[in-house]
Amino acid sequence: MKPAVNQRFRALTWRIDWDDLELGNPDVHDKILRRADSFADACADTAIIFGTHFRWDFLPYWPILHDLLSEISSVLKERDIRLFDHHSATLVHRFRSREERREAMRSKAHHLPWAPSPEAAEDWSFHGEKLNSWRMIDARTGGPVWIPQYYAEQFCINHPGFRAAYAEYLKRLVSETGIDGLMCDDMIFFGGFYHCSCKHCRKKLHFELPDASDPSFWGNWDDPRWHEYLAMRRDSIGEFLETVKAALPPGFPLMSCNTTGAYGGNSNHCGQSIHEFVRGDNIINLELCGENLTGSCRTAEISYQAGAAGKYGRPVIVIGYGSSSDSAGHLWAMNHLAGLSTWFSPADGRSLPGKIRSLLPDGASAIARAFRFEAAHPDLFSEFPEYDCAVYFSETTKYETFFGSCETGASADYRRLITELFAAGIRAETIFDFPADPALCPCVVMPSVLVLSEKEQSDMDRYLASGGVILRFGPDDPAGFPVRPEKDFASLDWLCNQSFDFYDPPDEWKELRPGLWYDPARNPRELFLRVRNAMRKDLPRVHAPGFAVSIRGNSIHLLAMEYDLEYLNTASPSPRIVRGAKPKDCADRIACSAPVSDVFCPLGGSAQIADNGTVLLKDVPMYVILKVRREETEEMKDDPPSLKLRRTRR
């Protein structure tokens, strides 16, 4: 199933600052009006709140905050812009020292990091229960969970009192503010494997949770109890989001922060699973941290999320951060290459010193060029991408084996494959189920699928029997693979550093049965040649070295993959801030087997159609869109002699 075509978003962060809470100050109202006008001028259709993030810390001030959100919502509605609230459902700042308090105020300024004193926190209550009674419990200490990266404690999503209280808060939030959607954040087990061991989590297990010092259980993928424990945490997130969904009006837009399931360790460590999120969420989210100005660096994360969108029929909003029109435009183009929507959050909305923030463009002006083009040309973005082949992501391997749970294991092979296919100009779709119709997807690549469930095996057999081709590589048998970390489990060093160097089989392709080819090597030779021989042949062919290519029904999108970056010159110890980006190592012309009727360069540069049908590029455009006539597609040689492609270097 494909995501709904008409659910597209052009979203911008709406940051709340301390002085915005000065209700009654006419300057605050004027600021709201000016910002709303800038959002409308940039053709944004959705604003999403940043600030007052750890919402339970603002409990005494909810009436003031809701009044502010109501005013923002009302002003935006006059401009046909939706307002989504975005807050942490479970995390609360708790500072144990003056140094922690000051560091949180510096590094988490975009949260508006406010917290009660320990004495006040002990007495705070809501919905007839004390907030402290909801806290997650650490299996190692028996005390409240502590999350150092946020200077925070966390409420347990399995606590029935907390679930009821949060549902009550959401009803109040919606009725008092007029918001149009919600991003419910931080419902995962942020602290990791030892969280949570409260009585409500233990009650969901069919066994007594062992002591944290018991090495026969913790981190032992050979123990069925360990599988049950990990599955319980994933299921708890799905249950909680069903509670959230039930507290909201029917069909209310809902998403939750997701940093992709393309990493086995991250998914297992915090219990994150998009397949559980969709039990409540009707929008899929992807957060891309940092500025990512290369065309292939986040390909796997985006492909994974796009695959989930296809499986569940949900739209995807990708949040990314940037400090210039180049970084904003690249994020937007990278998302559209996979048919996803953009939520741009400017770097000035993060925890940067005021002197640096003053040097950066606001979010609306940074993304305006891209959003305006999208709004003016909806036909170029309404069709779904089409793919040459598919890559099968094995959730069974990720969750049920130690090899799949390490960042150096199965998911690493998936990420490398997606990135390399992308760079080679082969359009590969991530799938979680074998295709029903091989005519639409004649080739499936299976990277390092160590185990298959009975249903997966049956579906694979059906696909092969229908004429599909499978190229499976890497280990396919858990025998001989470790079932637990070689290093101390609690250290977490194994997540990114576990070695599987002992596995060194011969690199040789064999046809095990009609249509099923297998090579035991983790990075086999001749893979791309075999993919090209088996993939779809009916799609237009494009020759444009240095560009990633996405094909839609009647348009072809191309994005430059490599850049020379210019950084803001500051004396601050903050991370380097991208001021501008120039594409490099790109072809200066494009050949396409389908006739090109029009060409666009939404983010700068220019192009024209030559008499021989090729597209000539000028001033090195970052993003190029071709309108084509698919019904007239012709054969095109791999390297047309009439087209001498040159690469631009800067």
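For Asp598, the criteria (1) buried (at least 16 other Cβ atoms within 10 Å of the Cβ); (2) charged (D, E, K, R); (3) at pLDDT 95 or above hold in every case but one, which is (1). If you go through segment 237-268 and keep only what is surrounded by 20 or more Cβ atoms within 10 Å (Cβ to Cβ), within 17 Å of the chain's Cα centre (by Cα) and not β-branched (Val, Ile, Thr), you end up with Leu254, Met255, Ser256, Asn258, Gly261, Ala262, Tyr263, Gly264, Gly265, Ser267, Asn268.
Restricting attention to segment 203-261, the residues being touching a Leu at 6+ places or on another chain (Cβ under 7 Å), modelled with pLDDT of 95 or more and closer than 29 Å to Glu486 by Cβ number 3.
Kindly indicate the residue of segment 355-376 that is at pLDDT 95 or above and among the charged types (D, E, K, R) and also surrounded by the fewest Cβ atoms within 10 Å (Cβ to Cβ) among those meeting that condition. Across segment 355-376, the extreme among qualifying residues is Arg372. Against the list (1) under 30 Å from Trp218 (Cβ atoms); (2) among the hydroxyl-bearing types (Ser, Thr, Tyr); (3) out of contact with any Leu (no Cβ under 6 Å at 6 or more places or on another chain), the condition Thr401 fails is (3). Going by the conditions given, is Glu119 free of Cβ contacts under 8 Å to residues at least 24 places away in the same chain and within 28 Å of Pro160 (Cα to Cα)? Taking the combined requirement at face value, the residue satisfies it. Residues considered: Asp180, Asp222, Asp185. Of these, the only one that is surrounded by fewer than 19 Cβ atoms within 10 Å (Cβ to Cβ), in contact with a strand residue (DSSP E or B) (Cβ under 7 Å, 6 or more places away or on another chain), in the same structural domain as Gly142 (by TED's automatic domain parsing) and not aliphatic (A, V, I, L, M) is Asp180. Of the residues Ala368, Ala439, Ala390, Ala412, the single one that is of a type in the set (A, V, I, L, M, F, W, C) and over 30 Å from Leu471 (Cα atoms) is Ala368.
Here is the figure for segment 94-126: residues that are in contact with a Pro (Cβ under 8 Å, 6 or more places away or on another chain) and buried (at least 18 other Cβ atoms within 10 Å of the Cβ) total 2.
Does Val483 satisfy the condition of being assigned to a loop (DSSP other than H, G, I, E, B) and surrounded by fewer than 16 Cβ atoms within 10 Å (Cβ to Cβ)? Judged against the criteria, Val483 is a match. For segment 202-236, filtering for residues that are under 26 Å from the mean Cα position of the chain (by Cα), more than 21 Å from Cys406 (Cβ to Cβ) and hydroxyl-bearing (Ser, Thr, Tyr) leaves 1. Scan (1) polar (S, T, N, Q); (2) out of contact with any Lys or Arg (no Cβ under 9 Å at 6 or more places or on another chain); (3) closer than 28 Å to Leu559 by Cα for the single condition Thr408 breaks and write down its number. Evaluating Thr408 over (1) polar (S, T, N, Q); (2) out of contact with any Lys or Arg (no Cβ under 9 Å at 6 or more places or on another chain); (3) closer than 28 Å to Leu559 by Cα leaves (3) as the failure. Within segment 127-145, being under 15 Å from Thr90 (Cα atoms) and either buried (at least 19 other Cβ atoms within 10 Å of the Cβ) or under 32 Å from the mean Cα position of the chain (by Cα) (or both) holds for Leu131, Asn132, Trp134, Arg135, Met136, Ile137, Pro144, Val145. Residues that are of a type outside the set (S, T, N, Q), touching a residue at least 40 places away in the same chain (Cβ under 8 Å), out of contact with any helix residue (DSSP H, G or I) (no Cβ under 6 Å at 6 or more places or on another chain) and surrounded by fewer than 17 Cβ atoms within 10 Å (Cβ to Cβ) do occur in segment 147-166, at least one of them. Here are the criteria: (1) touching a residue at least 60 places away in the same chain (Cβ under 8 Å); (2) among the basic types (Lys, Arg); (3) under 29 Å from Arg96 (Cβ atoms). Tell me which single one Arg202 does not satisfy. Every listed condition holds for Arg202 apart from (1).
Among the residues making up segment 375-413, those that are part of a helix (DSSP H, G or I) and either over 21 Å from the mean Cα position of the chain (by Cα) or at positive phi (or both) are Ala375, Ala376, Pro378, Asp379, Leu380, Glu400, Phe402, Phe403.
The values are calculated or read from the model by the stated rules, or taken from the named source; none is laboratory data. Nothing here was measured: the structure is a model prediction, and the numbers come from that model. Neighbour counts are summed over all protein chains in view; Cβ atoms, including those assigned to glycine, are modelled from backbone coordinates with ideal geometry.
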